[in-house]
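Structure first, then comments.
The values are calculated or read from the model by the stated rules, or taken from the named source; none is laboratory data. These numbers were taken from a predicted model, which means no experiment stands behind them. As a convention, Cβ positions derive from the backbone with ideal geometry for all residues, glycine included, and neighbour counts pool all protein chains shown. Heavy atoms of the whole protein, side chains included, go into the accessibility calculation; ligands, DNA and RNA do not. Shrake-Rupley method; radii C 1.70, N 1.55, O 1.52, S 1.80 Å.
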Amino acid sequence: MRYRPICKNKEFGRAYAKGKSYVAPQLVLYVFKTRLGYTRVGLTATKKIGKAVTRNRARRVMRAAISACMPYDVGSYDLVFVARGVTPRLKSTRLEKTVRRLLSQAGLPKKGESPAEGGEQP
């Protein structure tokens, strides 16, 4: 299922400047709480990653990993996933583990949980 995208540069900038970041060697996640009532996802791969084919592969792998392990609506958040140098060389199944770990660090629910119960430990 596709997510609502973050399209404008100022929306990415807001997530970078005011959001909380969670870092892994394969990926960086920026989480910014909004009042929109739904989740938006942005995927970025800078020119440091490589040429266009490499950047597109990095975004494609991230998209597959995110759709496999993140529920469609986790609340009112802007989530920006930033590719790192090793991202295009990974399989999406390997990246899923990283995405799950970053989402749990951020306190967001896993796939199958409701947004109300995500992040709270019993």
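Below is a table of values for the structure above.
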quantity: Within the stretch 30-45, considering residues that are surrounded by fewer than 16 Cβ atoms within 10 Å (Cβ to Cβ) and free of Cβ contacts under 8 Å to residues at least 40 places away in the same chain, the one farthest from Ala65 (Cα to Cα); calculated: Gly37
quantity: Of all residues making up the stretch 2-19, the number that are in a helix (DSSP H, G or I) and open to solvent by less than 80 Å² (accessible area, probe 1.4 Å); calculated: 4
quantity: Flag for Gly85 being over 15 Å from Ala106 (Cβ atoms) and assigned to a loop (DSSP other than H, G, I, E, B); calculated: yes
quantity: Some residue of the stretch 30-38 being at pLDDT below 90, of a type in the set (A, V, I, L, M) and over 13 Å from the mean Cα position of the chain (by Cα); calculated: yes
quantity: Counted residues, the stretch 76-114 - those being open to solvent by 20 Å² or more (accessible area, probe 1.4 Å), within 21 Å of Leu36 (Cα to Cα) and modelled with pLDDT of 85 or more; calculated: 3
quantity: Near pairs, Cβ below 6 angstrom, 6+ apart or cross-chain, from the stretch 46-74 (touching a residue at least 40 places away in the same chain (Cβ under 8 Å)) to any residue that is surrounded by 14 or more Cβ atoms within 10 Å (Cβ to Cβ) and not in a helix (DSSP H, G or I); calculated: Asp73/Thr39; Val74/Thr39; Val74/Leu108; Val74/Pro109; Val74/Pro115
quantity: Any hit, the stretch 20-29, residues being part of a helix (DSSP H, G or I), open to solvent by less than 30 Å² (accessible area, probe 1.4 Å) and at pLDDT below 95; calculated: no
quantity: Filter result (over 12 Å from the mean Cα position of the chain (by Cα) and not in a helix (DSSP H, G or I)) within the stretch 46-71; calculated: Thr46, Lys47, Lys48, Ile49, Gly50, Lys51
quantity: Candidate set from the stretch 59-75 (those that are at pLDDT 85 or above and within 24 Å of Lys18 (Cα to Cα)); member that is surrounded by the most Cβ atoms within 10 Å (Cβ to Cβ); calculated: Met62
